[in-house]
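FYI, it's all coordinate maths here, none of it is from the lab. All of these numbers come straight from a predicted model, not from anything done at the bench. Note: ideal-geometry Cβ built from the backbone for every residue, glycine included; neighbour counts use all protein chains shown.
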Amino acid sequence: MPFSFTAEQKQTALWLLIGCALLLLVSMLGPILMPFIVAGIMAYILNPWVDRLCALRIKQFRLPRAMAASLLIILVVLLVLTMLLIMTPILQKQIPQLQDQIPRFFDKANDLLGPMLSDLGIKVRLDSAGIKTMLTKQLATSGDVIGKAVLSSIRVGGTAVIGMVANLLLIPIVLFYLLMDWHPLMNRLEQFIPRRWVGGVKSGVIEVDSILAQYLRGQIMVMIVLAVYYSGGLALAGFDLALPVGIITGLLVFIPYLGFGLGLVLALIGAVLQFDGLHGLVAVAVVYSIGQILEGFFLTPRLVGERIGLHPLTVIFALMAFGQLFGFIGILVALPASAILAVAVKHLRVSYFNSSLYRQP
């Protein structure tokens, strides 16, 4: 008897094909979807704050949602601009200094490792003078590296730069409309769910929201606190690059172990380049040891929560896998997608353990 598909099976296969086509379309339209995805993630994070502002009453006056959304967007833009205004002049000043200090680092390496390698019969000496000459040719001695890079980018690919600026300017506009229509939009999306799946999908969405709420919103607070701590701690120790290294360490802490490790390596390199003795290395060890204790025993349990639901290895793999598949857009959606997959796998595991395939002896 030939196998035949039922009408329901045909319809399911059709929707699966449509879903695969949509995924393919998203991967192809990745560059232009960037402002929409960034705005969507920011809207998810900021929406509870908009709701709180709208719920406040000041002498019988309730803040309109448009005004609450505008205030939060302005605050976010000001924070980003403040960070850029702080980081840009520091990097313009410190990059030329780093250019001069790198040959000193190789001189120290020669003095330290040269005798040890000579005892082993290996004669190697790093040409610090040649390295300095090469760096001088590659980097402008005026220190205006950032400005020249921007001008070069404009000359080589003016269209790409204009597109990038347009995308950045589009983010707050899309964010405003998403915050304004967040709840009606969620209601419209709910109407597309098949009626027999509404209960299961709602419970799954609640689980995903619980995971992301603890992870994203709490992790942002952890990042801010640690960026301030590492910047302040390194500044008190006398580091010239305290602010950029501290901010990088704090902002990358959302990638377990990698952010801390990268910041530690940058701080150790800065200590070797700037200080002659062991003072810098000891200061880095103290600052980063206290920071790790602060993060692991106080900040993460209090702000993020002990039951996040996403294992650190899951976070690392999700960021790498989605970044490989979808580029920068994949990195943006890695955590929400992995949270959804974690909930789906949890329900599949329960169904598998209750199935006859598992229980039948």
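Values computed for the structure shown
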quantity	calculated
Theoretical FRET efficiency, 1/(1+(r/R0)^6), r = Cβ-Cβ of residue 17 and residue 224, R0 35 Å, to 0.05	0.20
Label-point separation in nm, residue 25 to residue 6, each point 7 Å along Cα→Cβ	2.9 nm
Pairwise FRET efficiency - residue 52 versus residue 352, Cβ, R0 = 45 Å, nearest 0.05	0.65
Label-to-label distance, nm, for residues given as residue 298 and residue 192 (7 Å Cα→Cβ offset)	4.5 nm
Residue 201-residue 344 pseudo-label distance in nm [points 7 Å out on the Cα-to-Cβ vector]	1.4 nm
Ellipsoid semi-axes in whole angstrom, largest first, where each is sqrt(5λ) of the Cα gyration tensor of region 39-83	22, 13, 7
Cα gyration tensor shape of region 165-304, rounded if a/c is under 1.5, else prolate or oblate by comparing a/b with b/c	prolate
